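Have a look at the structure below, then the notes.
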Amino acid sequence: MTGPKVLVVEDDESLRLVLSDALTQDGYCVEIEPDGLRGLEKARSGRHDLLVLDLMLPSLDGTEICKRLRAEGHRLPIVMLTARGREADRVRGLDLGADDYLVKPFSLAELLARVRARLRAAAAPAAARAIVGEAEVDFAALLVRRGETSIPITKTETEMLRLFLAHPGEVLTRERFLDRVWGYDRFPTTRTVDMHVARLREKIGDDGDAPRFIHTVHGVGYRYDPPGSTPPLPKRRGAGGSGAPRRTK
């Protein structure tokens, strides 16, 4: 078989076999590993296109594996699996560099859809750098440079910024960020998006009280206006499609 290579690091034997069968039937070459430390070594090898990673593992847990891989510069897409459903656990895993997160029990159809989406995203060419005002964002190094200062930026924040840059002038809902950046749309609260936008603004030098680039659209989401662009004017109440006042009889 010559399909994409998927490494599954999962200590539950029954789930491991179910995942292996489903991925194999979907056309992937699958390698399975029940141990955390051995799973880390295999993920470091560069032989795989994607990692399906359980959170609770013997010898080394999934968050530590994810943290070490990202700290070493490995960009292997990671889909994390866990029985923990708390928002804080999901946010921590994603901020450490996981690309997606599934809470057990989950459907195999959803897992396969997430795997396909992450492989497509990994294969798509992406800009290595972007300039936003006085900030230069280095996506590969996960750094924002403003003058002589270098500020670390998380993978989640870079994915949010990429979504903003791909849709200038467009209002992006919080739910769209949850679906596109976090990879699922059943977060308990959209305040997670607001928290990450606040961090992103701070790092690129945008003032949350008087933003130049990332604007809040109250009750909806956010809009990115590139430097030098003219923000859209709000529609006046009672105005017709042409902006002319309505005539009354």
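What strands (runs of 3 or more DSSP E), lying completely within the stretch 8-117, carry at least 1 residues that are farther than 25 Å from V193 by Cα?
29-33, 50-54
If I filter the stretch 139-162 for residues that are in contact with a Phe, Trp or Tyr (Cβ under 7 Å, 6 or more places away or on another chain), in a loop (DSSP other than H, G, I, E, B) and either surrounded by 17 or more Cβ atoms within 10 Å (Cβ to Cβ) or not assigned by TED's automatic domain parsing to the domain that holds L57 (or both), do I get at least one hit?
no
Check V181, V103, V91 and return the single one that is at pLDDT below 90, under 23 Å from R16 (Cβ atoms) and in contact with a Ser or Thr (Cβ under 9 Å, 6 or more places away or on another chain).
V103
Just the residues that are surrounded by 12 or more Cβ atoms within 10 Å (Cβ to Cβ) and within 23 Å of E72 (Cβ to Cβ), please, taken from the stretch 116-125.
Answer for the stretch 116-125, where residues must be surrounded by 12 or more Cβ atoms within 10 Å (Cβ to Cβ) and within 23 Å of E72 (Cβ to Cβ): R118, L119, A121, A122.
So which of R70, R44, R38 ends up being touching a residue at least 40 places away in the same chain (Cβ under 8 Å) and in the same structural domain as G93 (by TED's automatic domain parsing)?
Only one candidate qualifies: R70.
The values are calculated or read from the model by the stated rules, or taken from the named source; none is laboratory data. Predicted model only: the values in this text are computed from it and were never measured. For neighbour counting, all protein chains shown are included, and Cβ atoms are generated from backbone atoms with ideal geometry for every residue, glycine included.
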